[in-house]
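Student: Encoded as structure tokens, here's the structure I'll be asking about.
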Amino acid sequence: MGEQPIFSTRAHVFQIDPTTKKNWVPTSKHAVTVSYFYDSTRNVYRIISLDGSKAIINSTITPNMTFTKTSQKFGQWADSRANTVYGLGFSSENNLLKFAEKFAEFKEAARLAKEKSQEKMELTSTPSQESATGDMQSPLTPESINGTDDERGTTPETPQYLPEPRAEPSQNQLPFSHSSSSINKHWEAELAALKGNNAKLTAALLESTANVKQWKQQLAAYQEEAERLHTRVTELECVSGQMTVIKSQKTELNQTIEELESALKSKEEELERLKEEVESANEFQTEKESLTQKLQETEERNQTLEAQLVELEQRLEGSQLEREAFRKSLRTLLELLDGKIFELTELRDSLARLIEGSSS
């Protein structure tokens, strides 16, 4: 018979972000059909969902899989073979419960099928062990060739990084919840990066302040040394008998003074650079405060939008009740109108009979 669908439902399909392992990435723009398939030739169960011609779910159910209900309308399971985590957002809790029941049922069926396969392997291997040749052979099955799930070293079906996503109640609320959570996480990441940069710049500022103090002390010592050297040069110039020695020493002293002035200039440039870094740190602090304020405004706006959404849902429910009452009224009027039409028809027939009787 091949592979046949045995249960179908509709849901919004998500996959875990392979980079962050925390965020949900929608793989369908709207609710799609999600079906359980049974392959009688291989005795396996699969979950398959198509968005047009693209397969967005192709997961084989194994005995060590677990379907987790994370909210009233959202559930998830990990597929180690596909190296991902699937999430489904249903329109109602009843649909979620039905899907979870089928998952548990087919998981148990997969476990029993695996046990039967292992028993057949053991029964097949027993005669081969008792054969006259004494060869220790086992039947070539797909599991013996490729290895079972345990032999292949599959990862746990429910990884530790599974998030606790919000409920995905409906098609209208789904994009809103996902976008608001993405905006909040984006601003939180920006704020964390600014905090890290601020800490680094603060540490650099403290270190530069200590270096500035040390450089000021060195500068004072260099100035004292320069004054002493200038005085020494003057004294040597007064000694006429040692002009050659004095000129040589003067040249050396002038070179030393030039080196000290060059070092002083480089220190001053370093000091200016540190001042610029301090100003940049202040700008980062201002930007951090601005981002914090924007984050608070975004959260307030999200709360306002959620309140508006609740109000719109209430109004929609009220309008549906009014529409149902209006339909009932129309049905009542239609029944009355049918009765009047029937009475008018009988009256017409009576008049027609009277006219025929009077003419005869």
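The values are calculated or read from the model by the stated rules, or taken from the named source; none is laboratory data. Predicted, not measured: the structure shown is a model, and the values here were computed from it. Cβ placement follows ideal geometry from the backbone for every residue including glycine, while neighbour counts extend to all protein chains displayed. The accessibility values were calculated without ligands, DNA or RNA, using every heavy atom of the protein model including side chains. Shrake-Rupley method; radii C 1.70, N 1.55, O 1.52, S 1.80 Å.
Student: Would you point out which residue out of Ser266, Ser290, Ser329 is in a helix (DSSP H, G or I) and either under 28 Å from Ala189 (Cα atoms) or open to solvent by 100 Å² or more (accessible area, probe 1.4 Å) (or both)? Spell out how you get there, then give the answer.
Tutor: Values: Ser266 fails: either under 28 Å from Ala189 (Cα atoms) or open to solvent by 100 Å² or more (accessible area, probe 1.4 Å) (or both); Ser329 fails: either under 28 Å from Ala189 (Cα atoms) or open to solvent by 100 Å² or more (accessible area, probe 1.4 Å) (or both).
Every option except Ser290 fails the conditions.
Student: Would you confirm, using the coordinates I've provided, whether Phe342 is in a helix (DSSP H, G or I), hydrophobic (A, V, I, L, M, F, W, C), at pLDDT below 90 and open to solvent by 60 Å² or more (accessible area, probe 1.4 Å)? Give the steps one after another, and end with the answer.
Tutor: Details: in a helix (DSSP H, G or I): yes; hydrophobic (A, V, I, L, M, F, W, C): yes; at pLDDT below 90: no; open to solvent by 60 Å² or more (accessible area, probe 1.4 Å): yes.
When the stated conditions are applied, Phe342 does not pass them.
Student: Count, please, the residues in region 45-71 that happen to be β-branched (Val, Ile, Thr) and more than 17 Å from Phe106 (Cα to Cα). Break it down stepwise before answering.
Tutor: So in region 45-71, the residues β-branched (Val, Ile, Thr) come out as 47-48, 56-57, 60-62, 66, 68, 70.
This time we only want the ones that are more than 17 Å from Phe106 (Cα to Cα), so: 56, 70.
Counting residues in region 45-71 that are β-branched (Val, Ile, Thr) and more than 17 Å from Phe106 (Cα to Cα) gives 2.
Student: Considering each residue of region 206-220, count those that are modelled with pLDDT of 75 or more, open to solvent by 100 Å² or more (accessible area, probe 1.4 Å) and either basic (Lys, Arg) or within 13 Å of Glu270 (Cα to Cα) (or both), and give that number.
Tutor: Within region 206-220, residues that are modelled with pLDDT of 75 or more, open to solvent by 100 Å² or more (accessible area, probe 1.4 Å) and either basic (Lys, Arg) or within 13 Å of Glu270 (Cα to Cα) (or both) number 2.
Results for (1) charged (D, E, K, R); (2) in contact (Cβ under 8 Å) with a residue 24 or more places away in the chain, shown as yes or no for each residue.
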{"residue": "Thr60", "(1), (2)": "no, no"}
{"residue": "Asn64", "(1), (2)": "no, yes"}
{"residue": "Ser71", "(1), (2)": "no, yes"}
{"residue": "Phe74", "(1), (2)": "no, yes"}
{"residue": "Asn94", "(1), (2)": "no, no"}
{"residue": "Phe99", "(1), (2)": "no, yes"}
{"residue": "Lys102", "(1), (2)": "yes, yes"}
{"residue": "Ala110", "(1), (2)": "no, yes"}
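Student: Still on this structure, I have one more. If Glu119 satisfies all but one of (1) open to solvent by 80 Å² or more (accessible area, probe 1.4 Å); (2) modelled with pLDDT of 85 or more; (3) acidic (Asp, Glu), what's the number of the condition it fails?
Tutor: Of the numbered conditions (1) open to solvent by 80 Å² or more (accessible area, probe 1.4 Å); (2) modelled with pLDDT of 85 or more; (3) acidic (Asp, Glu), the odd one out for Glu119 is (2).
Student: When region 31-88 is examined, which residues are found to be among the aliphatic types (A, V, I, L, M), within 23 Å of Leu112 (Cβ to Cβ) and either part of a strand (DSSP E or B) or in contact with a Gly (Cβ under 6 Å, 6 or more places away or on another chain) (or both)?
Tutor: Of region 31-88, the ones among the aliphatic types (A, V, I, L, M) are 31-32, 34, 44, 47-48, 50, 55-57, 61, 65, 78, 82, 85, 88.
Checking the rest, the ones that are also within 23 Å of Leu112 (Cβ to Cβ) come to 44, 47-48, 61, 65, 78.
Across region 31-88, the qualifying residues are Val44, Ile47, Ile48, Ala78.
Student: I'm trying to understand the selection: among the residues of region 276-287, which are surrounded by fewer than 12 Cβ atoms within 10 Å (Cβ to Cβ) and among the charged types (D, E, K, R)?
Tutor: Correct list: Glu276, Glu279, Glu283.
Student: Now, a different point. Could you go through region 93-104 and let me know if any residue there is exposed (fewer than 14 other Cβ atoms within 10 Å of the Cβ), within 27 Å of Pro5 (Cβ to Cβ), of a type in the set (D, E, K, R) and at pLDDT 90 or above.
Tutor: Within region 93-104 (the criterion being exposed (fewer than 14 other Cβ atoms within 10 Å of the Cβ), within 27 Å of Pro5 (Cβ to Cβ), of a type in the set (D, E, K, R) and at pLDDT 90 or above), the answer is yes, since at least one residue qualifies.
Student: Tell me, which residue of region 4-42 that is within 15 Å of Trp77 (Cα to Cα) and hydrophobic (A, V, I, L, M, F, W, C) is most open to solvent (accessible area, probe 1.4 Å)?
Tutor: Once the filter is applied, the top-ranked residue is Val25.
Student: Would you be able to tell me the number of residues in region 345-360 that are outside any loop (DSSP other than H, G, I, E, B) and either among the polar types (S, T, N, Q) or touching a residue at least 12 places away in the same chain (Cβ under 8 Å) (or both)? Don't jump to the end; show me each part of the working.
Tutor: Restricting attention to region 345-360, the residues satisfying the condition of being outside any loop (DSSP other than H, G, I, E, B) are 345-359.
Imposing the further condition that a residue be either among the polar types (S, T, N, Q) or touching a residue at least 12 places away in the same chain (Cβ under 8 Å) (or both) reduces the set to 345, 350, 358-359.
Qualifying residue count for the region: 4.
Student: Filter region 76-92 down to the residues that are among the small types (Gly, Ala, Ser), in contact (Cβ under 8 Å) with a residue 60 or more places away in the chain and open to solvent by 20 Å² or more (accessible area, probe 1.4 Å), then identify the one that is farthest from Gln15 (Cα to Cα). Explain how you work it out, then say what you get.
Tutor: Restricting attention to region 76-92, the residues satisfying the condition of being among the small types (Gly, Ala, Ser) are 78, 80, 82, 87, 89, 91-92.
Still in the list and also in contact (Cβ under 8 Å) with a residue 60 or more places away in the chain: 78, 80, 87, 89, 91.
Those still in the list that are open to solvent by 20 Å² or more (accessible area, probe 1.4 Å) too: 80, 91.
On the way: Ser80: 13, Ser91: 18 Å.
Here the residue is Ser91.
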